[in-house]
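Derivation of every value follows stated rules applied to the coordinates shown; laboratory data play no part. Computed from a predicted structure; not experimentally measured. Here the Cβ positions follow ideal geometry from the backbone for every residue, glycine too, while neighbour counts run over all protein chains shown.
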Amino acid sequence: MSPRVLVVGPSSGLAEEFVRSAPPDWAFEGVGRRGSEVAADRYETLHVVDATDTGPLEFCVRANECDSVVCFLQEGDRARCQEERPLPGAVPTGLAWALHVEAIEAIARASLSERKSLIVLSTDELFAEDAGPATEATVPLTPEENPSWYGGTWAEAESRLGRYDGSVAIVRVSALFGWSGDVLCGDRALVDLVHRPHETVQPTFVPDVVRVLRRLVEEPQTGVFHVAVPAPLNREELRSRLPEAGGAWRRSVVPERHPGLVPARIHQLGIRPTSWSAALPHARGAGRP
């Protein structure tokens, strides 16, 4: 039987890439405030729900016939995340906490109680900048310890996901590049490469993420998966090399902070991460900001 997938956050760039490139016999439903811009014809139904309203969100995740739930929820405004950081001892509030913690926990309750597999897109920013390369087993910093509130909320989300029984896969990504030429970002934020030129990252090739997500839908697994090209480089090098791929800079490279990813578990899926040199010729849509 062909998979039926519920996509939470269908307007996400990664969601659009995942759905657009899926096999034609896959069926999709969406949950979010907005639908997909480039893959709208792939969705049978779109449930228009604000993810911060966890009651309707949880109902929509429960009340469908999908086998898998793939969550692309992200608060992409890092500056706003930092502004919303609570004072020590204060109750966390704000959009990052609502999306990354409260909404994702509601999705986990609903999907796992209905025996659906759950895949959540996370980030490597839940580690400190100077912590060195991490493996999937590395323990994230707590929200209080992490200098990034964006990363801190994701650490709390991953902690809560670990309390649930069932098929939960967490896919961590870093500086994203290699968007399809068919996917345009419009007014979405461009990456901040100039202010941290010497910071080291280990970029994530978008087609690699799509392949991992597809395999996890086809063969549900539990655990954390890092997805990245094998070799690290600093942001200045990233900025100088992306124009080699040609085209206009149309979609953001997410400004993650952690210096490295070790993509060990994706080898268990039979996937080898694309090398940096091999990825560049295929990175359509990447260029000079």
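Assuming 0.36 nm per residue, please report the length gained on full extension of the stretch Glu44 to Ala63 beyond their Cα-Cα distance.
Working: separation 19, 0.36 × 19 = 6.84 nm, distance 1.44 nm.
Roughly 5.4 nm would be gained on extension.
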Euclidean distance between Cα centres, the stretch 41-77 to the stretch 138-166, Å | 22 Å
Can you pull the one-decimal nm distance between simple spin-label points at Arg115 and Glu218, each 7 Å off the Cα toward Cβ?
-> 2.4 nm
Amide hydrogen neighbours beyond the local backbone of Thr204, cut-off 5 Å, H modeled = Ser174, Ala175, Leu176, Phe177, Val229
Taking the highest mean first, how do the peptides 213-220, 9-16 order by number of other beta carbon atoms within 10 angstrom per residue?
-> 9-16, 213-220
Once label points are set 7 Å from the Cα along Cα→Cβ at both Glu145 and Asp53, what is their separation, rounded to one decimal in nm?
-> 3.8 nm
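Rank the residues His47, His267 as a footprinting-exposure proxy: fewest other Cβ atoms within 10 Å of their Cβ go first. Walk me through the numbers on the way to the answer.
Details: His47 18, His267 11.
Ordered from fewest to most neighbouring Cβ atoms within 10 Å, His47, His267 come out as His267, His47.
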Simple spin-label estimate for Arg272/Asp165, 7 Å along Cα→Cβ, in nm, reads 4.0 nm
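Pulled fully out, how much extra length does the chain show between Arg80 and Asp25, if you take 0.36 nm times their separation in residues and subtract their Cα-Cα distance?
Stretched out fully, the Arg80 to Asp25 stretch lengthens by 15.8 nm.
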